[in-house]
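Student: Take a look at the following structure, please.
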Amino acid sequence: MNLAIYEHPLNERVRILMRLELLFGLLDANKDVSKPVNIHSFFNALFNCIEVLERNDIRPTLAFYLDLLEKNMIRWSTHPDIHNDSLQTKLKEAIKLQNQVATMSKACHTLKDDKFLASLRPRFAIAGGTCGFDLPQLDYWCNKPLELRTQDVNEWLGILGPLRQALDFSLLFLRESTPFEKKSAINSFYQDVCGEQVSLLRVKYDADLGVFPMISGSKHRYAISFMMPDKMLVKTSVDDTIEFQLSTC
């Protein structure tokens, strides 16, 4: 069995956090600038990350989930089966990250005010706009010694480090807040209602079945349809009963 997990956010808060998580993953995947093929991908991900961070709702969204996590941990600490030392460590970490999120705008401004990055960013918004004749300063940077380029990359990623920690902590809490439950999709279709607290659906299914889930919904109701890839139609419905697991976070 080849288990896969598909995630679908039900509100804009979680949607933007998952987009930011994707960009951080791309930064990690391309931060080795000893490989020329990684350089343009790294800067493209960095500029997309800066663009997302310019949104006004990032900081309050992270603060919301960190505050929710802190309240839950305080409540869990009264449970007799909870290992209190470990919980207190996590609680302190959550409080620390809350303080770092409060100064997040400073990190964003630091990257925006970087003269080198600012000179590159407009060209990365143009298709094919990053040729050497368009950006001689980037061509110069690419020919600097590897240790100096790596130092620059680590400095930029270091500025984003506290934000990355807060993001990972918030999404980890959200994903692990609810266990998976077994469900059946009759004729490959499943629907249900959800409470206002549900903001993320996680579907665990067997990818070897040759189907994939498609989800539509809101904070009140959602529907899951399992589809089969089709070369002509991109996707097509199936009539089988699909056994899967669902977590409503």
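The values are calculated or read from the model by the stated rules, or taken from the named source; none is laboratory data. Keep in mind that this is a model prediction, so the values were computed, not measured. FYI the Cβ positions are ideal-geometry reconstructions off the backbone, even for glycines, and counts take in every protein chain you see. For the accessible areas, the whole protein counts, side chains as well, though only heavy atoms, and no ligand, DNA or RNA atoms are used. Shrake-Rupley method; radii C 1.70, N 1.55, O 1.52, S 1.80 Å.
Student: Within region 172-187, how many residues turn out to be within 24 Å of R13 (Cα to Cα) and open to solvent by 80 Å² or more (accessible area, probe 1.4 Å)?
Tutor: Counting residues in region 172-187 that are within 24 Å of R13 (Cα to Cα) and open to solvent by 80 Å² or more (accessible area, probe 1.4 Å) gives 3.
The rows are residues; the columns are (1) free of Cβ contacts under 8 Å to residues at least 24 places away in the same chain; (2) within 18 Å of the chain's Cα centre (by Cα).
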site	(1), (2)
T130	no, no
W156	no, no
S170	no, yes
Q191	no, no
Q197	yes, no
D206	no, no
V211	no, no
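Student: Tally time: how many residues in region 163-182 are closer than 15 Å to C249 by Cβ and among the charged types (D, E, K, R)?
Tutor: Number satisfying all stated conditions: 3.
Yes/no matrix, rows are residues, columns are (1) more than 30 Å from P60 (Cα to Cα); (2) in contact with a Gly (Cβ under 7 Å, 6 or more places away or on another chain); (3) open to solvent by less than 40 Å² (accessible area, probe 1.4 Å); (4) among the aromatic types (F, W, Y):
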| position | (1), (2), (3), (4) |
| --- | --- |
| C108 | no, no, yes, no |
| A127 | yes, no, no, no |
| L148 | yes, no, no, no |
| Q151 | yes, no, no, no |
| W156 | no, no, yes, yes |
| P162 | no, no, no, no |
| S170 | no, no, yes, no |
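Student: Is it the case that region 227-245 has a residue that's touching a strand residue (DSSP E or B) at 6+ places or on another chain (Cβ under 6 Å), within 17 Å of P9 (Cβ to Cβ) and part of a strand (DSSP E or B)?
Tutor: Looking for residues that are touching a strand residue (DSSP E or B) at 6+ places or on another chain (Cβ under 6 Å), within 17 Å of P9 (Cβ to Cβ) and part of a strand (DSSP E or B), one finds none in region 227-245, hence no.
Student: Scan region 210-226 for residues that are in a loop (DSSP other than H, G, I, E, B), modelled with pLDDT of 90 or more and closer than 22 Å to Q197 by Cβ and jot them down.
Tutor: Hits for region 210-226: nothing passes.
Student: Considering region 41-71 alone, what residues qualify as being in contact with a Phe, Trp or Tyr (Cβ under 8 Å, 6 or more places away or on another chain) and either surrounded by fewer than 14 Cβ atoms within 10 Å (Cβ to Cβ) or polar (S, T, N, Q) (or both)?
Tutor: The one that is in contact with a Phe, Trp or Tyr (Cβ under 8 Å, 6 or more places away or on another chain) and either surrounded by fewer than 14 Cβ atoms within 10 Å (Cβ to Cβ) or polar (S, T, N, Q) (or both): N44.
Student: Could you please let me know if N38 is modelled with pLDDT of 95 or more and either surrounded by 14 or more Cβ atoms within 10 Å (Cβ to Cβ) or farther than 30 Å from I224 by Cα (or both)?
Tutor: When the stated conditions are applied, N38 passes them.
Student: Another question about this same structure. Taking the residues in region 16-29 that are of a type outside the set (A, V, I, L, M, F, W, C) and either touching a residue at least 40 places away in the same chain (Cβ under 8 Å) or within 16 Å of R59 (Cβ to Cβ) (or both) as candidates, determine which candidate is most open to solvent (accessible area, probe 1.4 Å).
Tutor: R19
Residue-by-condition table, conditions (1) modelled with pLDDT of 90 or more; (2) not in a loop (DSSP other than H, G, I, E, B):
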position	(1), (2)
A118	yes, yes
C131	no, no
Q137	yes, yes
Y140	yes, yes
V153	yes, yes
R164	no, yes
